[in-house]
Every structure is written in C-alpha cells, then in structure tokens.
C-alpha cells in the first residue's frame, strides 16, 4: 500500500485511550506465573493502572467481579490453577469484564494446550495475546514452539492468516507479537511497526504486552480491537524508546528503562504511532 | 508545633539501630507473595540483614524458631498458607521472635479479611504495617480499599485515630504508610516526614517497608515502636534519595536506585530524620 | 604455583563453550523458587539460552525430556515439589539430559536436607552447585548454615577437600561458589579467581550461578567439569565487570549491570579467565 488509508487515521489515534486509562486507573486482576508476577504488576502501575495478583480459588471470583479486566496467563500452570482460571473467567464474564488470555507455551505441553482450549470453550475471551507460534498453533495453521519462545519467525502472510482464523473461530481479538505486531478482529488487521530486538532478551516481555493490552481493554471493553492495538503499540513504542536511551546497554538496563518509558508515555505519543490498518 | 519536643530528641535518633542491624545481620523469615518475594529479599540484604523465604508447612516452624523475625504478608494468600502462617507465627511467639503482619488487601476479599483477623487472634503480633485504608478498616473506623491499594487519602486525624485504636485493641504497634508515615504505640505516635510519590509507582513498596520494619524489629524486639519507626524512616529516606538521583527517571530506574540508597544508608542518616513524636 | 600448568591451558579456554551456547540456544528447564524464577530466567536469556519454568507434576516429565538441561533448585521447597523434582530428574536422566542440583538451605531444615539427599540417591546429578557451607555439609565434612547463606568462610583447603569428597561419593561435579569458585571432578579442581563482594548483596546470585552452569552444561553434557567451570567463570567475570561500571553504585544498579555484562560476554572473554587447575 502507498500509505495509510482513511481507516488508519481513526484506528491509529489511541491517545484518548491512554488518557482514559490514566484518569480511571482500572484495576487489572492477574492470574499469572511466579516468573512475571512482579514485573507485570510494575507494567500495570507504570501505565497508570492498578494491579491485583490473586489466585486462590476462595477469592478469585470475588476479585474478578470487582476488577476492570482479568488476565489469564498460563506461564506456570497447574491443573488446580486451570480450574480456578475458568471460575474466575466466568465470574469476569458475568460481571461484564473483559478477559485477556496469554496461552504461554501452547503446543509445548499437553497441560498448557488443553487448558487454553478449555478456557476458550468455557470463558468468553476478549483478546488472545500470543507469539507467532502460539497463535498459529491455536489457529491450527501450523507453527512450532520450543519451550515458551517461538521457534523462528513465520511468514507475514501466514501470521495474519492464522490471526484472522483464530479471531473468526473464537470471536476474540487475536493479538500477535513479533517483529511487527498484529491485531486481528472482525474489522481487519492493525499492524504496529514499533519495537526493538532487546525485547526478546528479557523474560516476560510477551506477558508484559498482555498486561498492556488488558489495561487498555479495561478502559474500552466494547472496543477490544483498538484497545489491544493501543496496548501493543504503547508497549512496543516504550520498548523502542528504552533501547534508544540508557536501556541500550543490555537487558538489565533495558528492563528498567522500559518501565521508565511506559511511565513517561503521553497520550499524544499514541496518536502518532506507525500503524497500518488492512481490512 | 514549633519544633520537636524533648521526646523527639530521643525517639528520632535511630542510628544505633541501623548499626546493630549491620553488626548482627538478623535472619528475617518471610512468608510472602510471589509478587514481592524477590524484591523484599533484596531489601533485606540491602539493609544488611539476611532473608529466608520459606513457606512449606513441613519447615516453617523450624525456620521461624531459628530466625530473628517473621514477616506474614497476605499478598497472594491461600487458605493453606493461612494455616501455615498461624503455625509459623505461634512458633515465632514461642521462640520470642517478633512477628510483623502485612495485611495486604484487607477488606478487599473475605479470605484476606478473615485471615488477618485470625492471625491477630491466634498470634501475638509485634507490628502491623499497612496502608491507610487497611489500618482504618482493621481498626473498624472506616476506609475503603480497591484491590491492594488505598483508594484515596484519609484525613490525618482519621489515620492517627485508627492507628491508635488498632494499637490499643491488639497490643501491636500500628505502622501506617502514606504521604506521611505514622507509627502508633502505647507511647504515642511517631510521624515520619520522608518519602516520594514515585514510591507509589512501583509495586510492593508497602511490602518492602514491612521488610524494613521487620529487619529493625529483629534487632530491638523489646522496642517495636522505635524499631518500626526506624524501619519506615530508613525506607522513606532511601526512597527520597533514590528519586532525587538517577532514580527520578521513572519507576524502573527508581527501583534500582532504591536498593542502592538502602545499601548506602549510614547510621548517622537515621539520627537526623524529620520526625515528630506526639503523645 | 608459579603459573598455570599445561592442564590450565586447555581447561581454561572456555570460549568455544560460549560460542556453542549462543549458536545452539539450549532450552534450560528450571524447577525453582518464586524468589529467583524471574531473575534466573533473565540470566538464561542474557547468556543466550532459553528458559522454561515449569513445575506442575502433570507436565514436568514432558518438559524435562524436551529441554537440554534441568535445574533443581530447593529455594522454596514443598514436599509435593520434592516428589515432582525427582520425577523430572528421572525423566531428564532417561532422555540423557544433565541435571544440575542447587541444594539451597541444605542443613538448615530437615525438609531441604532430606530432599537433597533423596534427589542424589534417585537421580543422576551432573553438577551440584552450592555455597561453601552447603557443599561441606553435603560432603559430611562440617560447615554451618544460617538460613540460605553460608555462615562465615571456610578454609580453602577444607572447601576443596569437601568438594573432592562430594564429587567422589556422588559421581557429580561439585561446584562451590565463594570468594574463589572451585569445581571438583575426577580430573581435579578448577579454581576461578573472579567475582566481586557486591554479588553477596543481591539475592539469588548463587541460583544465577547455577543457571549459568546449567546453560553451559546443556551444551557439553559429556564434559560437566569444564562446563560448570565455564558457567561459574562467565558469571563471576560478568559480576566483576558489572561492579566495575555503573553497577558499582549499589545492589540495585549492580543487578541490572550484571545482566548487561552477561549479555555482552564474548567467547574470547572466556579464553582468558584467571583460572588454575590442580589435580
């Protein structure tokens, strides 16, 4: 394409969503892994939202019903946690709160694969955020995982085809992170041209991107396609800025600089992202 | 008041406590959440104490009896953990070690509220460290929580009234963090005028303050009022210094600078805190 | 000794192992504590390997069989986790993958002591990485722990004697960290003269060293003696460089700089470590 079409002009102006996030300070309930609990709580705060990490069967429904969005992250899954996630997801559904699924390690172990499928069949998921392999495997179009990282890059067309199919089949928005991020929904695909290779040198950047999606979707539960794109765009832009400053020294500095950059994002920054919209 | 009265002169000179901490290197047993386990272990080390995180029912009594203080943090509570916390608390009591309670999310879910009350009825707690809402709700004087953060600030008088009542009712020192920190005990209230707004942009600063209280109380178990104030004062001063240096760039840099500042505190720094004592 | 003998010339040139690590990007399965899960995943990535943290009984055997090495870290142990660790260890053995044991807190509680012994009797362990007290207690030659930290330094000769005995008795390589790191195997002892005192001011540096050992051993499972020394050497050199730069400001800055330094290690750096080999 020669340049962004008229759809882009609207879809890519996400500043008002960050403004809403900062004003409303949504409460984002995470059921997540011990690996990323701390850093995703910090991403939530840096964006301007409020995190609550709660996982006990005895309280998750109570928490999910009071929170503004629920993240289900399969990072260090157990069968008991899978049951609790379904219960929390249904409580969030009943309260009209968006549920964001991060199918960490889908396709690598039976437990993770079965649990993601079960959540998708028993909970209404607003957004699925995964890497290329996870999304392609969920869509049934191929892909290969090794541990929790994608093994190699897929062709752009294959990624978009998988995301479209997954969105169609599940009714959820499919948000795929990679060198270019893509968000597929009924209105088409938003491509986000931001990010930096250092993001792959730090653990949990995928999970942090999911948190950003959840914080934005909490403020626009009726527009998960734009909200997911705003979340991924904000996160990728922050990553780019972090790597361009003192965070470029390596993954330790980068991680600190990434939180700083998220904290310093201004609504105006999200009105001029390098984004494409294709139907 | 025109200036600190004679009570202040004594109560505010906490340098000897930091000196004792560094010399004795107390072992601080934490039963805490997966969100803050890593960072509170680092706060413990940065202050000069030694952390041990142990949570299995099969070993907590053994650990609590050998450690110099026990932190019970309800951050990611389960019913099984509640039982184990009570057992550990009783073992610490039997061994004469101070128990510090951090009632994270008190009033937000039934599980957390019931567990905090149960701990207070079955364990002799030396210090309760909470935010304004948690302390006010525990005292039964009002307050409102949203997730694990206080929802808005209470009036100063209301905070102090709540802290006094809670201290009276439980026999524990009540340590409340906020824009001004306050420590209530039988001798009155110590107000600490240090800190920085960036502390609220990082997850777990409340839990880290609790750890600081525990490390100091481990060295002065018979003076929990001063020890808790020393812990909060040390932590708030370190936060202030961190924000005034490279940590001012944002929450990621702040978190690293906070540990640096704790590590670099000198006993003399704690002899000149901006502190008020009111009876 | 006047200088490194001929054995040193070969044993100390570890650059090819780092080169292999970066090319093969081994998958390192960690069963570890909530305290260090995040930071050890980051160490794995910074070195160039890929981490997977999985602990559910229902998937650990599947994961262990697909990964290139398995870390068993007793940091926040439970009896159920002990059972699962044994199962995962046996699956790794069956698949021919090296198992690295980190006996955190050995000798401090019965649960940890019994579990380490059980793992050593039921799993073939390639490398045991511990502090001086843990190794000496495991070897049955003395030592004293306080929490998870060694209580004081042992004499050099006592450390080496303990490491030799433990290696002989178990058939595993015994890797001891301290002011000087030592790796004992059938071929003798490799001493590594790198590191910095700030490494003891940050939680989990022992666990991170274990991760480095595992990442290198994953690439040379038939040479665990050299691989363990390469891992400890790489980690200690990175610590030294981190402390010599902006990481010298304190433990918070150090932690970030340590990951940066690991990420920036070049194979050539590992060909000129200050290392001694004694038979």
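Rule-based calculations on the coordinates, nothing more; no lab input. Just so you know, these numbers come straight off a predicted model, no measurement behind them. When we count neighbours, we look across all protein chains shown, and the Cβ atoms used for this are built from the backbone with ideal geometry, even at glycine.
Using a 7 Å offset from the Cα along the Cα-to-Cβ direction at both residue A:279 and residue B:16, what is the distance between the two label points in nm, to one decimal?
For residue A:279 paired with residue B:16, the spin-label model returns 8.0 nm.
Roughly what % antiparallel, to the nearest 5, for the DSSP beta bridges in chain A?
Beta bridges within chain A, antiparallel portion: roughly 40 percent.
Where does the Debye-calculated log10 I(q)/I(0) of the protein assembly as shown sit at q = 0.05, 0.09 Å⁻¹, using only Cα point scatterers of equal weight, no solvent?
-0.25, -0.84
How would you classify region C:15-278 from its alpha-carbon gyration tensor, with a ≥ b ≥ c the square roots of the eigenvalues: rounded for a/c under 1.5, else prolate if a/b is greater than b/c, otherwise oblate?
It comes out rounded by the Cα gyration axes.
Taking R0 as 41 Å, what's the FRET efficiency between residue A:118 and residue B:57 from their Cβ-Cβ distance, rounded to 0.05?
That pair, residue A:118 with residue B:57, gives E of 0.85.
Per the Kirkwood definition applied to all pairs of different Cα atoms, how many angstroms is the hydrodynamic radius of region A:7-75?
13.2 Å
Calculate log10 I(q)/I(0) of region C:44-123 for q = 0.11, 0.26 Å⁻¹, where I(q) comes from the Debye formula with a single equal point scatterer on each Cα and nothing for solvent.
Result of the Debye calculation: -0.27, -1.27.
Give the residues of region C:48-85 whose amide nitrogen is closer than 19 Å to a point set 7 Å from the Cα of residue B:87 in the direction of its Cβ.
Within reach of a label on residue B:87, which here means backbone N under 19 Å from a point 7 Å along Cα→Cβ, region C:48-85 contributes C:75-84.
Given the peptides A:262-269, C:65-72, A:99-106, arrange them by the average over their residues of other C-beta atoms within 10 Å, most packed first.
The most tightly packed comes first, giving A:99-106, C:65-72, A:262-269.
Measuring from centroid to centroid over Cα atoms, what is the spacing of region A:156-227 and region C:106-126 in Å?
About 44 Å separates the Cα centre of region A:156-227 from the one of region C:106-126.
For residue C:272 and residue B:187, what is the calculated FRET efficiency with R₀ set at 60 Å and r taken between the beta-carbons, to the nearest 0.05? Intermediate values should be presented prior to the final figure.
On the way: r = 62 Å, r/R0 = 1.03.
The computed FRET efficiency comes out at 0.45.
Shape verdict for region B:1-159, please, from the Cα gyration tensor: rounded (a/c under 1.5), prolate (a/b greater than b/c) or oblate.
oblate
Taking beta carbons within 10 Å but only from partner chains, what does the mean come to for residues A:157-166?
0
Could you work out how much longer the chain between residue C:95 and residue C:80 gets when fully extended? Use 0.36 nm per residue separation minus the Cα distance between them, nm to one decimal.
Length gained, residue C:95 through residue C:80: 3.1 nm.
Ranked from highest to lowest mean number of other Cβ atoms within 10 Å per residue, what is the order of the peptides C:200-207, B:185-192?
C:200-207, B:185-192
Sort region A:172-279 into rounded, prolate or oblate with this rule: let a ≥ b ≥ c be the square roots of the eigenvalues of the Cα gyration tensor; rounded if a/c is under 1.5, and if a/c is not under 1.5, prolate when a/b is larger than b/c, oblate otherwise.
prolate
For peptide A:56-63, what's the mean number of Cβ atoms from other chains within 10 Å of each residue's Cβ?
6
Hey, got the average number of other protein chain Cβ atoms within 10 angstrom for residues in C:105-112?
Values: counts 5, 0, 0, 7, 10, 3, 8, 6.
What the average comes to for C:105-112 is 5.
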